[in-house]
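The values are calculated or read from the model by the stated rules, or taken from the named source; none is laboratory data. Predicted model, so just to flag it, every value in this text is computed and none were measured. Please note: Cβ atoms are built from the backbone with ideal geometry, for glycine as well, and neighbour counts cover all protein chains shown.
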Amino acid sequence: MAEVSNLLQEKINKLSMMEQTLQSFLAQKQTFQAQLMEIDSALDELKKTDKAYKIVGNVMVFSDKESLISDLNQKKETVELRIKSIDKQETKMREKTSELQSEVMKEMQ
């Protein structure tokens, strides 16, 4: 009986770690979604103006509008790929967590 309870405790600990990983995925995803909103906002603002500036260090310099749009679109694509990757990892982790949770619940009964 002691071995079973040790095994059950290990599963509970693993489940806790998996839930922490899910929280980490959520935090990363929120950060990337905020970046995506900033990029979309910047792209919208660039559509409204003829002059564009880029911040380089502590200095704002005049820049080619098309070049800025291209850079922002590349950043947007990268952020969207990262969000998709996190979504896939999160889905897999949720499935594994659910399976382990079911096992733990059965063993506890």
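Matching residues to (1) among the aliphatic types (A, V, I, L, M); (2) modelled with pLDDT of 95 or more:
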site	(1), (2)
52	yes, no
63	no, no
69	yes, yes
77	no, yes
83	yes, yes
90	no, yes
99	no, yes
Subject >> Residue count for the range 43-52, restricted to those that are surrounded by fewer than 14 Cβ atoms within 10 Å (Cβ to Cβ) and not in a helix (DSSP H, G or I) >> reply: 4
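Yes or no: residue 17 under 30 Å from residue 5 (Cβ atoms) and surrounded by 14 or more Cβ atoms within 10 Å (Cβ to Cβ)?
No: the conditions fail for residue 17.
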Original post:
Of these, 101, 23, 109, which one is under 30 Å from residue 5 (Cβ atoms) and either touching a Ser or Thr at 6+ places or on another chain (Cβ under 9 Å) or in contact (Cβ under 8 Å) with a residue 12 or more places away in the chain (or both)?
Top reply: 101
Subject >> Qualifying position, being surrounded by 13 or more Cβ atoms within 10 Å (Cβ to Cβ), closer than 30 Å to residue 103 by Cβ and of a type in the set (S, T, N, Q), among 28, 9 >> reply: 28
Original post:
Looking at (1) surrounded by 14 or more Cβ atoms within 10 Å (Cβ to Cβ); (2) touching a residue at least 60 places away in the same chain (Cβ under 8 Å), can you tell me which one residue 69 breaks?
Top reply: (2)
**OP:** Using the structure shown, decide if residue 40 is surrounded by fewer than 15 Cβ atoms within 10 Å (Cβ to Cβ), part of a helix (DSSP H, G or I), modelled with pLDDT of 95 or more and over 22 Å from the mean Cα position of the chain (by Cα).
**Re:** no
